[in-house]
Amino acid sequence: MEDLFSSLTLALSAWVESVTGATVSARDFRLPRDEGQLSLGTFVQGDAPEAARQLIQALPGCQQVRTIREKNGWLLFFLSDAWFDGLIAWAAALNTRPTGSYVENRMAILARKGMAPCPDAEPVRRALWAAYLAYRRGSWRAADEHLALTMTHEVAGCDRIGLENRCGGAAAAILKLRGERP
């Protein structure tokens with residue numbers, strides 16, 4: 001299957017280069033610790049705010065990115081609804097089988113809510129992104145499992161139930177990404 005990460009970073013490097021004029025390689029993108037899905041530190045610290053401004057103005061021309069922030073000289077990329085919906089569709093086509101772990105059982109329960117686009121909730125996006133990265137590297141870390149298990153916990157009461165009702169597609173994707181390859 002297609003390597004979504006490589007496709008994403010190649011497309012983003014070409015887009016950043018076309019907007020800013022800076023030479024950017026797909027290998028320049030990193031995985032940030034706290035915010036966003038990708039980061040880019042190619043710019044000299046003083047140039048990063050200007051690059052962020054230029055890229056934000058050009059965002060309608062990039063389907064993969066929802067928003068960009070500059071932080072401490074790094075550009076932080078937050079992936080779009082369309083990209084996450086594409087990830088859900090991509091994961092649905094995977095040939096994996098669940099192992100019956102606690103994480104998979106929890107995702108199976110949420111997946112019963114029905115296929116839906118990825119909700120606009122950062123914890124769900126973080127969990128889905130971490131699941132994809134774990135699938136890509138071939139191993140899950142405790143932190144990846146924690147993100148999946150707690151992706152709706154930041155919302156309280158009835159709002160949490162509403163969010164869980166919109167997580168079917170994301171949970172089904174995480175379940176597929178978590179499963180073993182035959």
request  = Considering only residues that are among the hydrophobic types (A, V, I, L, M, F, W, C) and more than 22 Å from PHE78 (Cα to Cα), look in the range 141-182 and name the one that is modelled with the lowest pLDDT.
outcome  = ALA156
inquiry  = Within the range 82-100, does at least one residue satisfy the condition of being in a strand (DSSP E or B), more than 12 Å from the chain's Cα centre (by Cα) and either hydroxyl-bearing (Ser, Thr, Tyr) or not assigned by TED's automatic domain parsing to the domain that holds LEU38 (or both)?
reply    = yes
request  = Being part of a loop (DSSP other than H, G, I, E, B) and among the small types (Gly, Ala, Ser) is the filter; apply it to the range 11-60 and report the residue that is surrounded by the most Cβ atoms within 10 Å (Cβ to Cβ).
outcome  = GLY36
message = Consider the range 79-107. How many of its residues are touching a Pro at 6+ places or on another chain (Cβ under 7 Å) and of a type outside the set (D, E, K, R)?
response = 1
key: Residues of the range 69-83 satisfying the condition of being touching a Phe, Trp or Tyr at 6+ places or on another chain (Cβ under 9 Å) and either farther than 17 Å from LEU38 by Cα or at pLDDT 95 or above (or both)   = PHE77, LEU79
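The values are calculated or read from the model by the stated rules, or taken from the named source; none is laboratory data. What you see is a predicted model; the values in this text were computed from it and never measured. Counting neighbours? That spans all protein chains shown, and the Cβs are built from the backbone with ideal geometry, glycine included.
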